[in-house]
1. Given Ala315, Ala293, Ala270, which one is farther than 20 Å from Ile31 by Cβ, of a type in the set (A, V, I, L, M, F, W, C) and touching a helix residue (DSSP H, G or I) at 6+ places or on another chain (Cβ under 8 Å)?
2. Kindly provide the set of residues from segment 257-276 that are more than 21 Å from Ser63 (Cα to Cα) and touching a residue at least 24 places away in the same chain (Cβ under 8 Å), ordered by number.
3. Kindly indicate whether any position in segment 306-319 is open to solvent by 60 Å² or more (accessible area, probe 1.4 Å), over 30 Å from Thr73 (Cα atoms) and in a loop (DSSP other than H, G, I, E, B).
4. For segment 125-161, enumerate the residues that are in contact with a Ser or Thr (Cβ under 7 Å, 6 or more places away or on another chain) and among the aromatic types (Phe, Trp, Tyr).
5. Select, from Leu92, Leu67, Leu86, the only residue that is touching a residue at least 60 places away in the same chain (Cβ under 8 Å) and of a type outside the set (Gly, Ala, Ser).
6. Can you tell me which of (1) closer than 30 Å to Cys122 by Cα; (2) open to solvent by less than 10 Å² (accessible area, probe 1.4 Å) is the one Val269 doesn't meet?
7. Considering only residues that are crowded, with 19+ Cβ neighbours inside 10 Å and of a type in the set (A, V, I, L, M, F, W, C), which ones fall in segment 87-96?
8. Hey, can you tell me all the residues within segment 182-214 that are acidic (Asp, Glu) and part of a loop (DSSP other than H, G, I, E, B)?
Amino acid sequence: MLSRFAPALLAVALLVPQLAQAGRRATVLLIPADRNSYGAAARMTEFLEDSISRNPSYTLKESARLLGDSTPTVSLEARKRVIKGLAEAKKLLLGGQFDEAEAAIRAAMVDMEAAVASMDRCAEYCDAIAYLASVQLMKGDDAAARDGLKSLFAIERGYKFDGAAFPKNFQLLARDVLAQATREGTLGNLTVQTVPPGGKVYVDGDYKGYASLTVERLPVGRHLLRVERPGSITYGQLVEVSPGEEGVTKVQLTPTPEWAGLEALMDRVADDFDSGESKDLMKLGAKLKVDRAIIGTVRGTETRVQLDCVVVDFAARRKLARKARAFEGEEFGEIGKEVRRYGNLLLSTADAKPDGKKKKSSDPLDYKSGMEDWDEESSGSGDVMGGDDRPAREEKPKKKKVGADPLDGVSGTNDW
């Protein structure tokens, strides 16, 4: 199913209950139904993971950790070379060997492009620009030093020039350049698109949102772009922002080996999920090495999203709960709250049925989660924020085979 569009987004959160169910592990998998819902799936995963992390009975393991190391090895190696080269350049600078220091800095900056994917802040890139500007000033090239400082302040205006590498005359020049940059305030925009969609975008280490998106009012100059996505190798690049222009950066994300190994199975799981079958669905337990999973499909746009999730107990080979709901909100401001409540309700419903079996009890409140009456609150009113939670019409129960899955054949859409 999903291969007809693009590699599916797999968002996984590992749960380790700390209390009565200690040792039970679980995951959350959200599968986008089409290209338009990749970004929505990424956002819904974040909200559901947040609701899990707030639950004192569980320990959250983020999706990226379960789907393999996303940081490229080549980037880590490049960053090591950059750090080593800048340390050597600093020694040469302090020793008055300015030509040698400049050569060492420029050699380090050759590796900078590859190192960006492993840098969560400006870090070594800002250091390299600052050291190079200092060397240029020492060599009498004031114009080059000024241009370098303008590039630095476009990324990090609060950069601290500490130590003997930045003498008094350099500090004075830096203050003058910063004041000029503040007065001019030349800005531009940057649009980031990812394939598949839904990459998490950082510019100069600051989180900006999920692609596709436009980052507005960035200072003109070079910036560090990093894109993360569960199941994909982290992407890094130095991008140029020009005045009055909107540069478009298209990022092709590469799947991790772990995700690539799951793609074919997830293709079949999506078909199983829609048909109500369980064969390939249950194989995920062995693949992911967990006891339980919340598996769901995602459909929608940035302002309206439909989730249909089922809780699976792999150990008992049973589906414990299923709930479908539509969410609406302005730029996810309200949707986030409602999805977190939806996640709490789904988990509590499953936890109310130990091992997927409801034992007989004289206590009328046994196996009640205490959240059954929260549907109205958690979904807003009517179709806004959560769909229509009116009870479905009663029908005569159909006979089931002994041992049959109680959720087989249930669509989960009666809450819409």
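1. Sole residue among the options that is farther than 20 Å from Ile31 by Cβ, of a type in the set (A, V, I, L, M, F, W, C) and touching a helix residue (DSSP H, G or I) at 6+ places or on another chain (Cβ under 8 Å): Ala315.
2. Asp271, Asp274, Gly276
3. Yes, that holds for at least one residue.
4. Residues satisfying the conditions do not exist here.
5. Only one candidate qualifies: Leu67.
6. Result: Val269 fails condition (1) only.
7. Correct list: Ala89, Leu92, Leu93.
8. Answer for segment 182-214, where residues must be acidic (Asp, Glu) and part of a loop (DSSP other than H, G, I, E, B): just Asp204.
The values are calculated or read from the model by the stated rules, or taken from the named source; none is laboratory data. Treat the numbers as computed from the prediction; the structure is a model and nothing was measured. As a convention, Cβ positions derive from the backbone with ideal geometry for all residues, glycine included, and neighbour counts pool all protein chains shown. For accessibility, only protein heavy atoms count, side chains too; no ligands or nucleic acids. Shrake-Rupley method; radii C 1.70, N 1.55, O 1.52, S 1.80 Å.
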